[in-house]
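Take a look at the structure below.
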């Protein structure tokens, strides 16, 4: 789970020094300075994904300078890809400069000097940092230099897929097992590489297996966002990604788990329905309203599919889930 620490646990006079030391240890040695003298606050959370790490930091306005002396003092030898979640930032590195707003991605190299400012209006700014060892990205360093301190919009294409992935991970990554986190780490590397390659217009430089995995991640994300559409079919999925249906099925076959496109759509719809049938806030919803919400074409199809997957009817499953929750609540009250 996330390892979260907050400046709120410290006297105000010690908060900035604590945060500066934390960033130097967990992200990279850097010289921080406050943009405002009063009321500094910050929070940080870290989660390891095998060979890489994700950090989430929230902060009052500040400046971060990475000097040659600090690089000599300590260098994690990483590329770092930041998602600006709240507020804005400016970054100067390798002769480039950019201004990034919430929803944008920014890329930098810990082995080069840099100067960054993090600004927020009212609530603290927030940055999610994907810390990537230099050797995990299958792109030449000379090409990646062109992306340093360059704003990459996160509203479309692979940028949007990566942004949505990072936001979902921040929300739910702490619930994952170590094995799941390792697999998520591999996915993060593939998506980051594909996003960077797209911004370089260098997709063909990626190994074929990386391109295939990145395409699959995009397809999985598309399926997730469109589960409620009853017209979602392999033909629609293939057309949206400029693939033939045959190529789409070959991509899924390459995953090795034997699940077809249609089977994945059905499984994810059932899992969404099952989750909502368990939630107290959905107990007043008719079962078939939940089924329709997640794209099932009719009551009979949903009931049959649910029973085949879980060995019980949706109504029986909901009643049992409610009974278990009431029993737990009763034990807690006693």
Working only within region 1-29, note down all residues that are under 30 Å from residue 177 (Cβ atoms) and in a loop (DSSP other than H, G, I, E, B). 1, 2, 27, 28
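Within region 146-158, identify whether any single residue is within 26 Å of residue 268 (Cα to Cα), surrounded by 16 or more Cβ atoms within 10 Å (Cβ to Cβ) and assigned by TED's automatic domain parsing to the domain that holds residue 51, and answer yes or no. Don't jump to the end; show me each part of the working.
Going through region 146-158, the residues within 26 Å of residue 268 (Cα to Cα) turn out to be 154-158.
If we keep only those that are surrounded by 16 or more Cβ atoms within 10 Å (Cβ to Cβ) as well, we get 154, 158.
Narrowing the set further to residues that are assigned by TED's automatic domain parsing to the domain that holds residue 51 leaves 154, 158.
Checked region 146-158: at least one residue is within 26 Å of residue 268 (Cα to Cα), surrounded by 16 or more Cβ atoms within 10 Å (Cβ to Cβ) and assigned by TED's automatic domain parsing to the domain that holds residue 51.
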Residue 163 passes all but one of (1) at pLDDT 85 or above; (2) buried (at least 20 other Cβ atoms within 10 Å of the Cβ); (3) touching a helix residue (DSSP H, G or I) at 6+ places or on another chain (Cβ under 8 Å); which number fails? (3)
The one condition in (1) surrounded by fewer than 13 Cβ atoms within 10 Å (Cβ to Cβ); (2) at pLDDT below 90 that residue 231 fails to fulfil: (2)
Scan the helices (runs of 4 or more DSSP H) fully inside region 147-236 and keep the ones with 3 or more residues being touching a residue at least 40 places away in the same chain (Cβ under 8 Å), more than 30 Å from residue 291 (Cα to Cα) and under 14 Å from the mean Cα position of the chain (by Cα). 178-200
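Taking residue 303 as the residue in question, decide whether it is at negative phi and modelled with pLDDT of 90 or more.
Against the criterion (at negative phi and modelled with pLDDT of 90 or more), residue 303 qualifies.
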Among the residues of region 279-291, which ones are touching a helix residue (DSSP H, G or I) at 6+ places or on another chain (Cβ under 6 Å) and at pLDDT below 90? 282
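The values are calculated or read from the model by the stated rules, or taken from the named source; none is laboratory data. The shown structure was predicted, so the numbers you read here are calculated from the model rather than taken from an experiment. All Cβ positions, glycine included, derive from the backbone under ideal geometry; neighbour counts span all protein chains shown.
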